[in-house]
Number of protein chains: 2
Amino acid sequence: VSAGPAGLGALFHPRSIALVGASDRSGWSAGTFGNLRGHGFPGPVHLVNPRSEIVHGEKAYPSLADVPGPVDLAFVMVPTDAVLPVLRTGAEAGIRAYVVLTSGFGETGADGARREAEVAAFARDRGLTILGPNGNGYINAAAGITPYGLPIPPPLLRGPVGVVLQSGALASSVLTFAQARNIGVSLLVSMGNESMLSVADVVGYLVDDPDTRVIALFLESVRQPEKFVAAARRALAAGKPVVALKVGRSDLARHTAQAHTGALVGDDGVADAVFRQLGIARVRSIEDLIITAGLLAAGPLPGPRLGVVTPSGGASEIIADRAQDEGLELPAFAPATVAALAAILPAFATVANPLDVTGYVVKDRTLLGRALEIVTADPGIDSVLLLSELPRDVPADPPAIRALFEATAARIAAAPRPVIVVSNSLTDITGFGREFQASTGYPPVVGGIEHGIQAIGAAARWSRAHQEAVAARAEPPRPGAADPAGQGADPAGQGADPAGQSADPAVNPLGEVSGTWAAASGTWAEDRAAAVLAARGVPVVPTERAADEAAAVEAASAIGYPVVVKAVAAGIAHKTDIGAVRLALPDAGAVRAAYRDVRAAACAAGGDDVRVLIQPYRTGGIELIAGVVRDPAWGLVLAVGLGGVWVEVLRDAALRVLPAGPAEIRRALGELRGAAVLQGARGAEPADLDRVAEVIARIAAVATHLGDHLESLEVNPLLVRGAHVEALDALITWRS
Amino acid sequence: VSAGPAGLGALFHPRSIALVGASDRSGWSAGTFGNLRGHGFPGPVHLVNPRSEIVHGEKAYPSLADVPGPVDLAFVMVPTDAVLPVLRTGAEAGIRAYVVLTSGFGETGADGARREAEVAAFARDRGLTILGPNGNGYINAAAGITPYGLPIPPPLLRGPVGVVLQSGALASSVLTFAQARNIGVSLLVSMGNESMLSVADVVGYLVDDPDTRVIALFLESVRQPEKFVAAARRALAAGKPVVALKVGRSDLARHTAQAHTGALVGDDGVADAVFRQLGIARVRSIEDLIITAGLLAAGPLPGPRLGVVTPSGGASEIIADRAQDEGLELPAFAPATVAALAAILPAFATVANPLDVTGYVVKDRTLLGRALEIVTADPGIDSVLLLSELPRDVPADPPAIRALFEATAARIAAAPRPVIVVSNSLTDITGFGREFQASTGYPPVVGGIEHGIQAIGAAARWSRAHQEAVAARAEPPRPGAADPAGQGADPAGQGADPAGQSADPAVNPLGEVSGTWAAASGTWAEDRAAAVLAARGVPVVPTERAADEAAAVEAASAIGYPVVVKAVAAGIAHKTDIGAVRLALPDAGAVRAAYRDVRAAACAAGGDDVRVLIQPYRTGGIELIAGVVRDPAWGLVLAVGLGGVWVEVLRDAALRVLPAGPAEIRRALGELRGAAVLQGARGAEPADLDRVAEVIARIAAVATHLGDHLESLEVNPLLVRGAHVEALDALITWRS
């Protein structure tokens, strides 16, 4: 109740503020008071101190109860043990919103966590909203409300970027850097311990905040993943980009799932996959966080096909290199563009994309602007990068330079395609430059080629994700799209199932399929796992269980030689390692011998409930792994990869948090470094990627269906020969 | 003669300068004159203009011949056709050094190239030195000599970084950015067309220049590779780091060699390998170029084991992530360090590397400096990163802040390990910050975590390369190290040769080995290529040539079944593709049939001089490719890689420019993404990497031995089973 957007609206828009624990000896108090007074908070600021009548040169009250008039927000800087009493007094006085700067809570260990839980429980009980504790507060630059405990470096630029930080100390760096880029902030929030309000809450608030066009995040960990995902989905659909600097890339912690897949899924890999699925632009530096957010907030977004106009051959080449890094295209100019450029450029200029108008621009300053106008008309490009610098100080010839920038600004405003202005390198936009830009109507200048191209790449990717999200919402729901497994309404999948398995659990040959899984435990070896998959429409290699040698030979004859004979058992996850698998058996004699051998091997390895299975021997094709494991934060995560060196040596896997449909999975397959193998590299038959994605979506849907009790589900290998896709082995592990 | 270091010393240290083509209407002229006057050139600046008596408010002379007194440097801005006459006059007047700014030469096409060649020929003939044409000149900041055609943004900071640019327009960006980083320049040279002086010449000069501690390069292409390599080797040995931003990474041009190797060797990959071999730090942005050069120039270099001291948990985590990207370690602190830190930090601080001293630093400003002092004493680290910002403007409490920085500066000066100060993000060092730093004795502040960690990584790598270069010089030459193939002095290689091939050409079974290769042409298929390799000590699979079916059976019996039967022929490079290879033949009947089949296949494919070869059939082991191709710029380049998907799909190859000895090749093998396979991943027997590197060094030496006529030499596959290394197939292509 208290943490909903309505509560946040009140928190971030108080008309009056009380500083509780205000003191002349406290840097936090002086800083916060100075920020409120210095950045134009229009309402009353009340100071509360039980031991001083005058603080910061103004009257102080002994307690919140003594403050005259209503208080919309209490900013709490008292010692740790005094926080709860302050909340009690405030609640009695009808104060609903609090920023708690005080530390000594969960960040200090178990005792602190207990204190924090007590405070949060009280707040929930009384309907209070708390930001923090152990945070610096917030800066509502849009409204001029700055209850924030550290000095705010002047000038505080108002603008469209909402910033949410899971680090107090970084806020100053972010503000300083944003100012140096002339990028303004709507609301900056230092989260602290998130005892009540989480990043997800604030992101949800910013999605609806009209002053915010882009949301920039610094994340250590996402504390409420489901709420975060929901807020990010809303942001993507609403066209409000989210950029995130998430640390922990170097965290090598892995899950301990028994399946191979476990080793492929690092915490950070999952976060990466989640961000990609949500269209969140992930960056690795403060610079990229702010520059990308600034570009995304600035206006019409660049697409992936870029025209480049520069006065420098060297810079053009740097741009070409970086554009390729970021997956951007620099298409050849259309013939009409080439002709028009050739007509204005000196004879020794090379007319190409990226374009260098040459040093002749020193003689004819209009050359760059005229070339820009021509390139923006090219039909083969989405947007234009113009390499240009704002003056850092009063130029040699102010009126001429001003007229030049005004002319270019007018050209950009009239251009049929977005123009992104990028400087050569990342140097501050000076105070003079900021003023010059505003007065000439020049567009924002993105900070240098290196970070600018990164930002353009991120913007192009975000645009595509946004368009896909909008298109997915506009599409009528596809039959079986949400749960493609085992649906009678999806005959294509069944018809293409060459393994001849029926999807009806009732006639499953192993007869072990059940609709509820709460009682399942331990590890389910191949036959049981395969039966579950087959029952929900996943094509599985035909499998016969043989009770003795004679039955094994009979099954092999029915299947057709050569065959595979395996022993499976409870407690044995890796049967090949213990010698319980025999491949390519050519005749009855070999099957009899193999039956004895594999049975003995499984028994010797201590396997319980040993079963011997007979299957056809498959050769050729491409082997995939499709596994689902449970991530402690994000839930079920699908990993797909190619078998062999690809996963074992290269750890080449693409991840998706479930649910994920066939289109999403097809994209994941395309992300694999070994994707060329699926397309027929090395003489393999090209895989029918639609069919592969469809089958993997079914496997994923089985995992979802198995519910909260599932630890992991892995199909390894999943054999692909063209449109023939078939699970050759499977393993299910249940949570203990 | 004219382009040697002596000539460059005169070029870069003139005592008098004439501006030829000086004119009030020329921006270049006004700019150059202003630069010379404004940046303190102490000698006379003579103006030459045949049509004006007064230029820039001073007396002008009609011709160089009329200038009174000696002229050390003529700065030429006349029209293209007037350049040669100016040189004639200057040569007559005894002027030896020229900067030619004029364009219209090689950059404009064939006519211009002819004009340029004419000018260069004249200069060579008369012993003149020309920088350019089509360049902006140079800035000798160390000496205050600035014959440079574009405005130099003030202030011009003098310092230890020499800059050489193959782009005129980028010089301004480089200067602006370097100033914003408070990094000073010794000499900046804009190369222009390099018609006489090349980048290699200037690098060679800077290696010996006492004002230059680091050399920063912007490169489009290296015009004199051998001279460049020699200069870079001298720089590495002299301990003078070279940092290079080389464009053309996105150049997808590939060589058209027939061998597989050709596709692995892109121009840029070769440049990358050359730079790595030479210890040149390659960067991708102007920011990294200058920041890395500045760090390398600043003093004691950081090693790979970093201690990190910050006042911010968020920043610590960003640093940890970036450090892992750059191959830097953040070792755990020693117990004594932990104890000492725990004694000064607040109880809720986590004592770990990276260290966050916490926001308590707001209360106790000395905390960061005291923690720094403790961490610099830790024996397990090489150097310390201190996260700290210079003030951007007058701080709130100037004496206290000044005292704080002075105290930290003193701690850093006294520290037993280098301390690198890095700011959070990349914002300008302001004029105030620059002055504050100088007056407090604070060390240089590296520009932001993102670029700073990149620079520290580059510095650590450079240090290692430098130490290796020094150690290699100190070592006595190893027998066979320069040319390890076919040396009787290297019995280990021969003794380990399991193929039983003699290294003596005289007894080679195929009798085709020759000492001179000038007459060789076309493609040499397996047997001829293998004979060349075997003759120089490369172990090759035993091979018998069979003239008929009976001889084939006899050879197979001698070799032992199973065997391989292949037909080779001139003009057939890929014999497997045409069905001319039969593997795993078990008996005489199979050999007879195979003999007929492969012979027919080779004949049908139009092969000339068809031979049938019998070899043992090898199974298991790891297959490598070792190929040498000729790069048009850098000469013979060795590519090593793993067979199969590694080279075919992943293009996973490591390159080295020849010569490269076993140690260098062993490092190259370690760079492969599939390196784990060589160490025994996926159940393979671990390769004896010393033996593998030794054999590949022999292959490389064969290529070197074959000389200028060789186009490519490829061994594919090179079979490795532990210490057993054996070429199973080979191909030589000669230049046409």
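The values are calculated or read from the model by the stated rules, or taken from the named source; none is laboratory data. Since we're looking at a predicted model, the values are computed, not measured. Cβ placement follows ideal geometry from the backbone for every residue including glycine, while neighbour counts extend to all protein chains displayed. Each accessible area value is taken on the protein alone, full model and side chains, heavy atoms only, with ligands, DNA and RNA left out. Shrake-Rupley method; radii C 1.70, N 1.55, O 1.52, S 1.80 Å.
Farthest towards the positive end of the charge dipole of the protein assembly as shown, among the residues B:Gln166, A:Val540, B:Trp524, is the Cα of B:Gln166, using unit charges on the Cβ of Lys, Arg, Asp and Glu. For A:Phe348, the point set 7 Å out from Cα toward Cβ sits 6.6 nm from its twins in the other copies, listed from shortest up.
From the P(r) of chain B, could you give the percentage of C-alpha pairs in the tail past 49 Å? More than 49 Å apart: 34 percent of the Cα pairs in chain B. Where both partners of a DSSP beta bridge lie in the range B:63-203, what percent of those bridges are antiparallel, to the nearest 5? Restricted to the range B:63-203, the bridges split so that about 35 percent are antiparallel. Measuring from each Cβ of chain B to the axis carrying B onto A, the nearest residue and its distance in whole Å come out as B:Asp428, 2.
Interface burial in the range B:273-309 reaches 10 Å² or more for B:Arg284, B:Ser285, B:Ile286, B:Glu287, comparing the full protein assembly with the chain by itself; accessible area from heavy atoms with a 1.4 Å probe. How far, in degrees from 0 to 90, does helix B:431-440 lean away from the longest principal axis of the Cα atoms of chain B, to the nearest 10? Roughly 90 degrees, rounded to the nearest 10. Spherically averaged projected area of the convex hull of Cα atoms, the protein assembly as shown: 60.9 nm². Within the assembled protein chains, the solvent-accessible surface assigned to A:Thr350 is about 100 Å², based on a 1.4 Å probe. The Cα center of the range B:611-631 and the Cα center of the range A:177-212 differ in position by 61 Å.
Based on protein heavy atoms only, the range B:60-185 ends up with 32 Å² per residue of surface accessible to a 1.4 Å probe. Considering only A:Thr108, A:Ala570, A:Val55, and ranking their Cα positions along the charge dipole of chain A that arises from unit charges at the beta-carbon of Lys, Arg, Asp and Glu, the one farthest toward the positive end is A:Val55.
Short-range pairs are left out: with C-alpha atoms under 8 Å and at least six residues apart, the relative contact order of chain B is 9 percent.
Of the residues in the range B:658-696, those shielded by at least 50 Å² of accessible area once partner protein chains are present, compared with the chain alone at a 1.4 Å probe, are B:Arg682.
Highest-first packing order for the peptide set A:309-318, B:375-384, A:152-161 is A:309-318, B:375-384, A:152-161, based on the mean count of other beta carbon atoms within 10 Å. Take every pair of alpha-carbon atoms less than 8 Å apart whose residues are at least six positions apart; their mean separation over the length of the range A:572-697 yields a relative contact order of 15 percent.
Summing charges over neighbours of A:Ala460, with a neighbour being any other residue whose Cβ is under 12 Å away from its Cβ, gives 0 when K and R count +1 and D and E count -1.
Sequence gap at least 6, Cα distance under 8 Å: using those rules, report the relative contact order of the range B:314-371 to the nearest whole percent.
31
The accessible-area loss of the range B:235-249 on complex formation, taken against its chain alone with a 1.4 Å probe, reaches 40 Å² or more at B:Val247, B:Arg249. Distance from the Cα centroid of the range B:264-343 to that of the range A:515-592 is 52 Å (rounded to whole angstrom). Helix B:367-376 and the long axis of chain B differ in direction by around 40°, with both axes built from C-alpha atoms.
Would you tell me the mean number of C-beta atoms belonging to other protein chains that fall within 10 Å of each C-beta in A:20-29, as a whole number? Per residue, the average neighbour count from other chains is 1.
Between copies, the label points of A:Ala336, set 7 Å from Cα on the Cα→Cβ line, lie 7.7 nm apart, reported in increasing order to one decimal in nanometres. The distance linking the range A:646-724 with the range B:45-114 is 69 Å (Cα centroid to Cα centroid, whole angstrom).
Take every DSSP beta bridge whose two residues both sit in the protein assembly as shown, then give the antiparallel share in percent to the nearest 5. Taking every DSSP beta bridge within the protein assembly as shown, about 50 percent pair in antiparallel fashion. Estimated at the nearest 10 Å², the accessible area of A:Tyr360 is 100 Å² with a 1.4 Å probe.
Taking each residue of A:355-368 in turn, how many C-beta atoms of other protein chains fall within 10 Å of its C-beta, and what is the average?
Shielding by partners across A:355-368 averages 2.
Here is the interface size for B with A: some 5000 Å² of accessible area buried, both sides summed, with a 1.4 Å probe.
Overall, the accessible surface of the protein assembly as shown at a probe of 1.4 angstrom is composed of carbon and sulfur to the extent of 53 percent. Estimated from helices alone, the mean residue ellipticity of chain B at 222 nm is -11500 deg cm²/dmol (sum of -39500 (n - 2.57) over DSSP H runs with n ≥ 4, per residue).
Take the range A:652-736 with all the other protein chains still there, run a 1.4 Å probe, and you get 32 Å² of accessible area per residue. Please report the net charge: other residues with Cβ closer than 13 Å to the Cβ of A:Leu367, K and R +1, D and E -1. So the environment of A:Leu367 carries a net charge of +1. Looking at chain A, the DSSP beta bridges with both ends there are about 50 percent antiparallel.
Using heavy atoms of the protein chains and a probe of 1.4 Å, the accessible area assigned to A:Glu554 is about 130 Å².
Computed from Cα atoms, the angle from the helix A:83-92 axis to the main principal axis of chain A rounds to 70 degrees. With label points defined 7 Å past Cα in the direction of Cβ, position A:Pro44 shows copy-to-copy spacings of 8.2 nm, given to one decimal and shortest first.
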